[in-house]
Amino acid sequence: MAETIDQLVAARDQVLAAIRHGVIVSCQAEAGGPLDAPEYIAAMAVSAERGGAVGLRIDNPVNVRAVRALTTVPVIGIYKQYRPDSDVYITSTFESARVVVEAGADVVALDGTPRPRPDGETFAEIVRRVHRECGVPVMADVSTVEEAAAAARAGADLVATTLAGFTPYSTGVRDNAALAGRIAAAVPVPVVVEGGLWTVDDVRAGFDAGAFAVVVGSAVTAPELITRRLSAAAPRSANAARDGRMP
């Protein structure tokens with residue numbers, strides 16, 4: 001057991017040293033979209049690493065394996081699985097965490113909310129098993145300060161604002177950097193800002209609020225959203241909007 005704890009501490013310290021005060025890029029694609037293939041996810045990840053990303057957030061063990069083969073920075077693995085019996089879909093079971101680690105993830109991110117999980121496991125139980133059986137740190141995706149504090153007490157090595165605005169009781173959250181600042185004042189573990197970061201100023205605001213690291217996703221890896229935002233400023237788009245030809 002002591003050896004397992006020492007290995008976990010070493011793994012956690014190595015990851016934290018690698019991502020501290022840096023930008024992590026979430027390389028994901030809409031299911032069924034044009035970029036929804038392991039080779040495209042891996043290409044985005046390699047490009048992000050070349051651009052200075054200190055870590056990568058990757059969904060699905062197939063994609064984790066493809067990214068791990070081509071990159072050297074820490075991989076935060078998740079496994080999104082949507083089930084009708086639970087609102088929890090981000091790495092909702094120990095089994096989903098295990099296969100992500102086996103695929104090459106250095107960290108596993110779990111839904112850290114108190115909502116019922118599909119197999120009846122608790123967040124704390126999964127954290128303990130991931131630490132003991134997989135030997136990697138856990139990041140808790142949360143939506144409130146209270147959830148972050150509970151996740152830290154349950155053993156989470158990091159907490160992230162990933163789910164702010166995506167739970168029924170956090171829909172009013174519009175400033176994840178400010179939320180991260182409140183969380184940082186309440187928990188003893190590193191805090192990651194994720195969600196709603198589109199600009200350089202957004203990244204700076206996250207670090208100014210006290211973030212240990214920030215995660216940027218759609219602003220880097222969602223060409224359709226990026227194009228839509230930029231195209232909205234074009235005269236053609238503005239004229240079409242005035243003529244009622246677009247929503």
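The values are calculated or read from the model by the stated rules, or taken from the named source; none is laboratory data. Predicted model only: the values in this text are computed from it and were never measured. Positions of Cβ are generated from backbone atoms using ideal geometry, with glycine treated the same way; all protein chains shown enter the neighbour counts.
Comparison of 144, 113, 122 shows that the only residue that is over 23 Å from residue 7 (Cβ atoms), among the hydroxyl-bearing types (Ser, Thr, Tyr) and over 17 Å from the mean Cα position of the chain (by Cα) is 122.
Can we say residue 152 is of a type in the set (Gly, Ala, Ser) and touching a residue at least 40 places away in the same chain (Cβ under 8 Å)? Taking the combined requirement at face value, the residue does not satisfy it.
The residue pairs whose first member lies in region 214-228 and is over 29 Å from residue 190 (Cβ atoms), whose second member is in a loop (DSSP other than H, G, I, E, B), and whose beta carbons are closer than 9 Å, counting only pairs six or more residues apart or on different chains, are 223/34; 223/35; 224/30; 224/33; 224/34.
Considering each of 67, 9 in turn, give the residue that is free of Cβ contacts under 8 Å to residues at least 40 places away in the same chain, farther than 18 Å from residue 207 by Cβ, in a helix (DSSP H, G or I) and not basic (Lys, Arg). Quick ask: steps written out before the conclusion?
Values: 67 fails: free of Cβ contacts under 8 Å to residues at least 40 places away in the same chain.
Just one listed residue meets the conditions, 9.
Residue-wise test of (1) farther than 24 Å from residue 80 by Cβ; (2) under 15 Å from the mean Cα position of the chain (by Cα); (3) surrounded by fewer than 21 Cβ atoms within 10 Å (Cβ to Cβ).
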| position | (1), (2), (3) |
| --- | --- |
| 11 | no, no, yes |
| 14 | yes, no, yes |
| 23 | no, yes, yes |
| 27 | no, yes, no |
| 39 | no, no, yes |
| 54 | no, yes, yes |
| 58 | no, yes, no |
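Restricting the first member to region 171-187 and to residues that are of a type in the set (A, V, I, L, M) and part of a helix (DSSP H, G or I), and the second to residues that are surrounded by fewer than 21 Cβ atoms within 10 Å (Cβ to Cβ) and modelled with pLDDT under 95, the beta-carbon pairs closer than 7 Å and six or more apart or on different chains are 179/173. With respect to the conditions (1) touching a strand residue (DSSP E or B) at 6+ places or on another chain (Cβ under 9 Å); (2) surrounded by fewer than 16 Cβ atoms within 10 Å (Cβ to Cβ); (3) aliphatic (A, V, I, L, M), residue 152 falls short on a single one, namely (2). Give region 76-89 a look and list any residue that's out of contact with any helix residue (DSSP H, G or I) (no Cβ under 6 Å at 6 or more places or on another chain) and under 21 Å from residue 11 (Cβ atoms), or say none. Of everything in region 76-89, those that are out of contact with any helix residue (DSSP H, G or I) (no Cβ under 6 Å at 6 or more places or on another chain) and under 21 Å from residue 11 (Cβ atoms) turn out to be 76, 78.
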